[in-house]
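Before any comments, here is the structure.
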Amino acid sequence: MNQAICNNLESFVLDKGDFWEISCSAPSNIALVKYWGKDNARGPQIPSNPSLSFSLENCRTFAFFKVSKEEVKSPSFSFFFEGKASPTFEKKMRTWLTRLEEESECARNIWAFLSQRQVELHSMNTFPHSAGIASSASSYAAFAFCFWILGQRLLGKDSGAISWQEISTWARLGSGSACRSLFAGFTSWGQSNLIAHSSDYYANSLENVHSTFKDIRDCILIVDSQNKAVSSTQGHATMEKHPFKDERQQIVRQHFQMVLNALASGDWALLGQTIEQEALHMHAMMLSANPAYLLMKAASFNVINKIRAYRDSTKLPLYFTLDAGPNIHLLFPAEVEVQVMEFVREHLQSDLENGKWILDQVAAQSIKQESYFLE
Ligand code: 2P0
């Protein structure tokens, strides 16, 4: 498991004399049961419903964090995305750290320390921007880990155990779905009587998963990579006064239970039918919001219809889900990869933007001690 692999906290920190350099990579994730709507009355980033996802092995964010050890006369705090200064990300990081300060004493110490130091944050993704892959999930997960590692160093606890729940909580405060990216394999987030120790504050690894799903493939079919007209954060907000708010809660909880049953029993058909229903239900919430909006494109519908027709004729277990965007995640077991990828090339590629797709799979490890930026 991921947790066993990174027990040595010190290995994430390089001592460069006047500076510490902390780096790691974290995976993005794709939800099978969607976090859609927040319960703002109960605190920041509290989900309206339990959600469930798996982490992606290859779609990752590399985070690199450089901080001066001693106080400096002119403290600085800057963010570089793919090597270029990004004031937008810098602002997001500041907002996140301020939010973290309110929630955790350890985070308060970190922010107080950073505000007297020279700080550089760097990130880059292994996947293209706006490809239907949640870069906020992998970014906040990676930086939550880096900040937490610094916090342990400041407390002199370099050799202690990693508190995945605390790091997941910190990531959630950056972006809800990020809390699920701290775990390999399948993950759930949100209080549910169906899962012991489940919480609205952090995610947990889902243990009861049949071996048939352990090497699940996800071919991400890029229909459109333009920025979305309505962000996920805005989308969550439309659920506050949504005319089908109560119905959504009832149905998403049914989906959650059915997906748990399917994952435990190894039932591909139940899993596949339920996740398709769930993805389309979330998009139906967008269509019926006030004001209504539509993130799927004509090609999204073409691709879905072709997937269903191919499944009907071949009886192969391939199913789709969508994130909050137009791109299609095509899920199938590893043993049918050759046939499915032939189908993708022959029948779906013409519907895709520049014929682009990304083949990924369930992550065997979440946080990795690696960096694009260092030798
Ligand atoms: C999910 N999504 O469960 C759902 C399904 C998109 C569709 O979580 O406002 O970026 O930062 O907490 O986590 C996207 O929303 O929203 C999301 P914030 P987030 O993956």
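Which shape class applies to the range 248-375: rounded if a/c is under 1.5, otherwise prolate when a/b exceeds b/c and oblate if not, where a ≥ b ≥ c are the square roots of the Cα gyration tensor eigenvalues? Rounded shape, in that the Cα axes give a/c under 1.5. With all pairs of different C-alpha atoms in the average, the Kirkwood value for the hydrodynamic radius of the range 30-137 is 16.2 Å. The trypsin sites (Lys or Arg not before Pro) found in the range 20-101 that occupy coil by DSSP, while having at most 11 further C-beta atoms within 10 Å, are Lys73. Less than 5 angstrom separates the built amide H of Ala134 from those of Asn29, all sequence-distant by 5 or more or on a different chain. Across the chain, C-alpha contacts under 8 Å between residues 6 or more apart give a mean separation that, scaled by the residue count, equals a relative contact order of 24 percent. Placing +1 on the Cβ of every Lys and Arg and -1 on the Cβ of every Asp and Glu, with no other charges, gives the chain a dipole of roughly 700 debye about its Cα centre. Relative to its residue count, the chain spans a Cα convex hull of 138 Å³ per residue. Qualifying GluC sites (Glu not before Pro) in the range 64-163, where qualification requires a DSSP coil assignment and no more than 16 other C-beta atoms within 10 Å, comprise Glu70, Glu71, Glu82. FRET efficiency for the Glu10 to Asn58 pair, using the beta carbon distance and R₀ = 25 Å, is estimated at 0.40. Each peptide in 209-217, 49-57 was scored by the mean count of other Cβ atoms within 10 Å over its residues; highest first, the order is 49-57, 209-217. Considering only Ser28, Ser163, Gln191, the residue lying farthest towards the positive end of the dipole of the chain is Gln191, judged by Cα position with unit charges set on Cβ.
Since every read-out is calculated from the coordinates, none of them should be taken as a lab result. Computed from a predicted structure; not experimentally measured. Please note: Cβ atoms are built from the backbone with ideal geometry, for glycine as well, and neighbour counts cover all protein chains shown.
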